[in-house]
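The values are calculated or read from the model by the stated rules, or taken from the named source; none is laboratory data. Being a predicted model, the structure only gives us computed values, none of them experimental. Positions of Cβ are backbone-derived with ideal geometry, glycine not excepted, and every protein chain shown enters the neighbour counts.
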Amino acid sequence: MPSIRACLTIVVFSLSSYIALFAQTAASASPEDQVAQLEQDWLAADAKGDTARFDRIVADDFIGSSFNGRMLTKQDIMPQDGTPGGFAGATPSDTRVRVFGNTAVLIGFLTKGDVATPTRTRVTLVFQKRDRGWQIVAGEMARM
């Protein structure tokens, strides 16, 4: 019967290996993949009303425009009181990302609603790599 010390050594070694593999995989992801993932993280934070995660993803100096052309700030788009935001249930598709140094542009669609009557929104997001990592600094959306 293995000793507790041997079992603990195996668990610690396995956990360390997993953490090292995860860190290597995350670090080796291309900037394009990191930005595309951040779009999904933003949608997940919006859907959950996770304002702490949303706050890390969207820059404090965010600017954007609404469907009717009104200028938006971060406060205008942040979920309120832990409730889901305006893009809860939206899924990204046809996403294209281009990286220019520490700036990236993402263009794609967000689809929301049921299969019979989906709503598609064209989204253009601008990301900038800052001290906190990639953040959304600007966005424009147009209903299709």
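Tabulated results
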item: All positions within region 66-89 that are closer than 18 Å to THR119 by Cβ and either aromatic (Phe, Trp, Tyr) or more than 17 Å from the chain's Cα centre (by Cα) (or both); result: SER66, PHE67, ASN68, PHE87
item: Residues located in region 70-104, provided they are assigned to a strand (DSSP E or B) and either modelled with pLDDT under 90 or over 20 Å from VAL35 (Cα atoms) (or both); result: MET71, LEU72, THR73
item: Flag for ALA44 being out of contact with any His (no Cβ under 9 Å at 6 or more places or on another chain), modelled with pLDDT under 95 and among the aliphatic types (A, V, I, L, M); result: no
item: GLN75 vs. criteria buried (at least 17 other Cβ atoms within 10 Å of the Cβ) and not aromatic (Phe, Trp, Tyr); result: no
item: Positions within region 36-65 being touching a strand residue (DSSP E or B) at 6+ places or on another chain (Cβ under 8 Å), surrounded by 13 or more Cβ atoms within 10 Å (Cβ to Cβ) and among the polar types (S, T, N, Q), in sequence order; result: SER65
item: Among the residues listed as ILE107, ILE136, the single one being under 14 Å from PHE62 (Cβ atoms), of a type outside the set (Asp, Glu) and either part of a helix (DSSP H, G or I) or under 16 Å from the mean Cα position of the chain (by Cα) (or both); result: ILE136
